[in-house]
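*Asks:* Pasting in a structure now, in structure tokens, and then I'll have a few things to ask.
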Number of protein chains: 2
Amino acid sequence: METIKIFGHKVPDTDSTCSAIAYAKLKNELGIKATAHVLGEINNETKFVLKHFNVETPELLEEVGEGEKVILVDHNEAKQSIEGREKCEILEVIDHHRVSDFHTTLPLYFRSEPVGCTCTIVAKMYMENKVEIKKDIAGILLSAILSDTLMYKSPISTEEDKKIGSMLEKIAEINHETYGREMIEAGSKFNVMTEKEILEIDAKTFEIEGIEIRIGQLIALDIGKIMERKDKLIIEMEKVCEENKYNLFVLVMTDIMKNGSEVIIVGKDKSIGEKSFSIPKNENSKFMDGVVSRKKQVVPLIYDSFK
Amino acid sequence: METIKIFGHKVPDTDSTCSAIAYAKLKNELGIKATAHVLGEINNETKFVLKHFNVETPELLEEVGEGEKVILVDHNEAKQSIEGREKCEILEVIDHHRVSDFHTTLPLYFRSEPVGCTCTIVAKMYMENKVEIKKDIAGILLSAILSDTLMYKSPISTEEDKKIGSMLEKIAEINHETYGREMIEAGSKFNVMTEKEILEIDAKTFEIEGIEIRIGQLIALDIGKIMERKDKLIIEMEKVCEENKYNLFVLVMTDIMKNGSEVIIVGKDKSIGEKSFSIPKNENSKFMDGVVSRKKQVVPLIYDSFK
């Protein structure tokens with residue numbers, strides 16, 4: 001039996017990494033050979049999570065070949081996926097994002113639910129298949145939920161995330177408040193990172209009507225410190241745009257305490273960002289109260305500006 | 001609370017119609033207001049099914065307006081869906097086809113499984129939600145399964161279709177063999193239909209790399225009688241291509257007894273059909289042994305010819 005490769009999106013975050021690990025484990029428990037992979041180096045938050053629960057980092061995967069069998073978790077859009085994807089056979093997709101730029105020739109198992117985190121769905125699949133969730137798996141699943149839902153405070157968080165999260169919390173034997181803050185702090189040690197590294201913590205490329213838009217997000221309990229480096233970040237964003245031919249780079253710096261984000265826009269199509277976020281022409285950033293979700297708030301605002 | 005409109009694909013077949021009816025009923029049982037619709041007149045097979053189980057025909061829906069909330073069953077591709085779809089909010093998709101030409105701005109509940117019939121998934125959703133399946137609903141769900149899987153003989157049929165089908169058979173109190181044959185015969189009364197009507201029994205439009213391909217399918221226990229009208233069908237297919245600017249029209253006439261299909265190709269891009277089905281240049285049809293599924297056999301063959 002051929003081994004199925006399971007992976008999340010490029011620039012892996014905690015959900016992409018942990019959902020791949022947990023889903024591969026579930027498949028193996030069900031007698032289907034599967035391995036978890038990441039498409040790039042994992043970030044500090046994810047490193048903290050895997051270390052905390054003593055779970056191995058998945059193997060790096062850079063490309064897939066002709067006819068390989070894969071399962072995508074936490075993404076479906078081609079731009080966010082692996083190189084060579086068009087050549088492989090996608091058996092399943094487990095996701096919680098909008099559906100876009102996704103195409104298959106054959107029917108497949110495609111499960112996307114409007115919940116806060118892919119790991120919420122993976123936890124449900126353990127239960128549907130009556131497979132026990134062990135302590136380490138419960139821990140990484142819960143970590144991803146806390147990360148994606150900003151400890152249930154993001155508008156993408158649902159009752160189901162909370163319900164599943166609370167069940168996992170008991171198995172993992174942690175307190176989600178204390179642990180969640182520790183995890184977010186581990187992920188926002190910006191002082192030891194270069195601007196380039198900061199921009200790569202969590203960034204995705206979206207293609208809207210042929211326009212390539214890069215949207216990065218940083219999350220911190222308090223963004224005060226990183227705000228002091230705004231000018232340097234802008235210079236680096238300009239460089240990244242140039243090198244990668246992005247039309248627009250949007251950096252969303254989310255402040256958990258303030259429940260909002262500083263949104264910075266850079267690029268030759270900066271005007272799209274101005275229109276999307278009502279930023280005046282002569283400015284390049286704005287603090288947006290209540291905006292904390294790339295998926296449910298930032299992306300739709302950009303999308304609407306195309307209408 | 002706004003009522004959600006639920007509908008299947010254009011040129012409704014038994015699965016599109018019955019999955020919409022059954023899923024709307026499930027939603028209502030769960031306290032969510034929903035109505036079932038069809039996007040065109042139902043065919044003779046579906047008429048037989050609804051009459052047999054004394055279920056009302058869903059209301060015709062020709063267009064959806066700005067911001068209306070909808071659920072798509074048994075399809076996801078835009079070409080096969082309702083007019084104005086880009087303006088409405090798609091809350092859910094319940095399907096068993098390939099995913100293609102589908103796009104949303106927001107996350108949604110998208111559930112597609114590689115089973116033989118959408119009604120198999122809908123039956124599972126009744127069970128997952130612990131809602132009793134009444135005799136009439138069991139009857140129409142089973143009818144759709146028997147229709148889509150050609151009484152479990154098609155390569156698209158899975159163990160799950162059979163398992164769910166057998167459970168429904170008990171509730172509906174019918175014998176699937178006897179009933180299935182009766183249903184298929186009711187749907188293949190071609191002698192009382194014009195060529196135009198025959199071509200519209202079950203036809204879908206696919207767009208592959210900008211090329212519009214119409215694929216129609218007829219199913220009969222024995223296609224001997226309808227084969228006598230092949231020349232007239234070809235003339236009508238040419239007319240339909242001209243009127244609708246289809247590049248290619250593929251008619252799949254499936255013979256259940258012979259377990260194969262006569263495939264007819266017409267249109268200015270007939271060469272794509274020749275390549276797909278290895279039909280010589282000077283011919284316009286071929287009997288293909290073992291080919292009975294549009295989705296799993298015919299569409300992939302056409303798709304491969306583009307590679």
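*Asks:* Name the residues in segment A:152-195 that are under 23 Å from residue A:113 (Cβ atoms), modelled with pLDDT under 95 and hydrophobic (A, V, I, L, M, F, W, C), would you?
*Replies:* A:156, the sole residue that qualifies.
*Asks:* To continue, here is another question. Across segment B:157-198, what is the number of residues that are aromatic (Phe, Trp, Tyr) and either assigned to a loop (DSSP other than H, G, I, E, B) or under 28 Å from residue A:108 (Cβ atoms) (or both)?
*Replies:* Residues flagged as aromatic (Phe, Trp, Tyr) and either assigned to a loop (DSSP other than H, G, I, E, B) or under 28 Å from residue A:108 (Cβ atoms) (or both) within segment B:157-198 amount to 0.
*Asks:* Hey, another quick one. Of everything in segment B:85-114, what is at the interface with chain A (Cβ under 7 Å from one of its Cβ atoms), among the aliphatic types (A, V, I, L, M) and either touching a residue at least 40 places away in the same chain (Cβ under 8 Å) or crowded, with 20+ Cβ neighbours inside 10 Å (or both)? Give them in sequence order.
*Replies:* Taking segment B:85-114 and keeping what is at the interface with chain A (Cβ under 7 Å from one of its Cβ atoms), we get B:96-100, B:102-114.
Okay, now just the ones that are also among the aliphatic types (A, V, I, L, M), so B:99, B:106, B:108.
Correct list: B:99, B:108.
*Asks:* May I pose another question? Suppose we keep only residues that are over 15 Å from residue B:215 (Cβ atoms) and among the acidic types (Asp, Glu) within segment B:251-303. Which one would you say is farthest from the chain's Cα centre (by Cα)?
*Replies:* Here the answer is B:283.
*Asks:* Okay, moving on. Check B:24, B:20 and return the single one that is assigned to a helix (DSSP H, G or I), under 27 Å from residue B:190 (Cβ atoms) and without any contact (Cβ under 8 Å) to a residue 60 or more places away in the chain. Steps first, answer last, please.
*Replies:* On the way: B:24 fails: under 27 Å from residue B:190 (Cβ atoms).
Only one candidate passes the filter, namely B:20.
*Asks:* For residue A:156, all conditions in the list (1) out of contact with any helix residue (DSSP H, G or I) (no Cβ under 6 Å at 6 or more places or on another chain); (2) under 18 Å from residue A:95 (Cβ atoms); (3) within 14 Å of chain B (Cβ to nearest Cβ) hold save one; what is the number of the exception?
*Replies:* Exception for residue A:156: condition (1).
*Asks:* Go through A:238, A:243 for me and flag whichever is touching a residue at least 24 places away in the same chain (Cβ under 8 Å), more than 30 Å from residue A:117 (Cβ to Cβ) and open to solvent by 30 Å² or more (accessible area, probe 1.4 Å). Let's see the steps before the verdict.
*Replies:* On the way: A:243 fails: touching a residue at least 24 places away in the same chain (Cβ under 8 Å).
Just one listed residue meets the conditions, A:238.
*Asks:* Looking at (1) modelled with pLDDT under 95; (2) touching a Pro at 6+ places or on another chain (Cβ under 8 Å); (3) more than 26 Å from residue A:75 (Cα to Cα), can you tell me which one residue B:107 breaks?
*Replies:* (3)
*Asks:* Moving on. In segment B:126-141, which residue that is open to solvent by less than 10 Å² (accessible area, probe 1.4 Å) and out of contact with any Ser or Thr (no Cβ under 9 Å at 6 or more places or on another chain) is farthest from residue A:75 (Cα to Cα)? Before you say what the answer is, go through the steps one by one.
*Replies:* Initially, segment B:126-141 is screened for residues open to solvent by less than 10 Å² (accessible area, probe 1.4 Å), giving B:126, B:137-141.
Still in the list and also out of contact with any Ser or Thr (no Cβ under 9 Å at 6 or more places or on another chain): B:126, B:137-139.
Working: B:126: 28, B:137: 35, B:138: 36, B:139: 38 Å.
Selected residue: B:139.
*Asks:* Check residue B:29 against each of (1) of a type outside the set (A, V, I, L, M); (2) within 20 Å of the chain's Cα centre (by Cα); (3) open to solvent by 60 Å² or more (accessible area, probe 1.4 Å) and name the one condition it does not meet.
*Replies:* So the condition that residue B:29 fails would be (2).
*Asks:* Any residue that is open to solvent by 10 Å² or more (accessible area, probe 1.4 Å) and either closer than 30 Å to residue A:297 by Cβ or among the polar types (S, T, N, Q) (or both) - is there at least one of those in segment A:59-75?
*Replies:* Taking segment A:59-75 as the starting set, the residues that turn out to be open to solvent by 10 Å² or more (accessible area, probe 1.4 Å) are A:59-63, A:65-69.
Next, only the ones that are either closer than 30 Å to residue A:297 by Cβ or among the polar types (S, T, N, Q) (or both) stay: none.
No: zero hits.
*Asks:* Next question. Do the conditions hold for residue B:143, that is, is it touching a His at 6+ places or on another chain (Cβ under 9 Å), farther than 22 Å from residue B:254 by Cα and among the hydroxyl-bearing types (Ser, Thr, Tyr)? Step through it out loud before you land on a result.
*Replies:* Details: touching a His at 6+ places or on another chain (Cβ under 9 Å): yes; farther than 22 Å from residue B:254 by Cα: no; among the hydroxyl-bearing types (Ser, Thr, Tyr): yes.
For residue B:143, the condition - touching a His at 6+ places or on another chain (Cβ under 9 Å), farther than 22 Å from residue B:254 by Cα and among the hydroxyl-bearing types (Ser, Thr, Tyr) - is not met.
*Asks:* For segment B:268-290, how many residues meet the condition of being hydrophobic (A, V, I, L, M, F, W, C) and open to solvent by 40 Å² or more (accessible area, probe 1.4 Å)?
*Replies:* Here is the first cut: in segment B:268-290, the ones hydrophobic (A, V, I, L, M, F, W, C) are B:272, B:277, B:279, B:287-288.
Right, trim to open to solvent by 40 Å² or more (accessible area, probe 1.4 Å) and you get B:287.
Of the residues in segment B:268-290, 1 are hydrophobic (A, V, I, L, M, F, W, C) and open to solvent by 40 Å² or more (accessible area, probe 1.4 Å).
*Asks:* Sticking with this one: Tell me, which residue of segment B:115-124 that is more than 10 Å from every other protein chain (Cβ to nearest Cβ) and open to solvent by less than 10 Å² (accessible area, probe 1.4 Å) is farthest from residue B:299 (Cα to Cα)?
*Replies:* Going through segment B:115-124, the residues more than 10 Å from every other protein chain (Cβ to nearest Cβ) turn out to be B:117-124.
Cutting the leftovers down to open to solvent by less than 10 Å² (accessible area, probe 1.4 Å) gives us B:117-123.
Numbers: B:117: 17, B:118: 18, B:119: 21, B:120: 22, B:121: 22, B:122: 24, B:123: 27 Å.
Out of the qualifying residues, it is B:123.
*Asks:* Which condition breaks for residue B:173 when tested against (1) within 25 Å of residue B:285 (Cα to Cα); (2) more than 14 Å from every other protein chain (Cβ to nearest Cβ)?
*Replies:* The number of the failed condition is (1).
*Asks:* Taking residue A:231, is it closer than 21 Å to residue A:49 by Cα and open to solvent by 30 Å² or more (accessible area, probe 1.4 Å)?
*Replies:* Here the answer is no, as residue A:231 does not meet what is asked.
*Asks:* Going by the conditions given, is residue B:150 at negative phi, more than 14 Å from chain A (Cβ to nearest Cβ) and of a type in the set (A, V, I, L, M, F, W, C)? If you could, list the steps in order and put the result at the bottom.
*Replies:* On the way: at negative phi: no; more than 14 Å from chain A (Cβ to nearest Cβ): yes; of a type in the set (A, V, I, L, M, F, W, C): yes.
Taking the combined requirement at face value, the residue does not satisfy it.
The values are calculated or read from the model by the stated rules, or taken from the named source; none is laboratory data. This one's a predicted model, so the numbers in the text were calculated from it and none came from an experiment. Positions of Cβ are backbone-derived with ideal geometry, glycine not excepted, and every protein chain shown enters the neighbour counts. Surface accessibility is based on the protein's heavy atoms, side chains included, excluding ligands, DNA and RNA. Shrake-Rupley method; radii C 1.70, N 1.55, O 1.52, S 1.80 Å.
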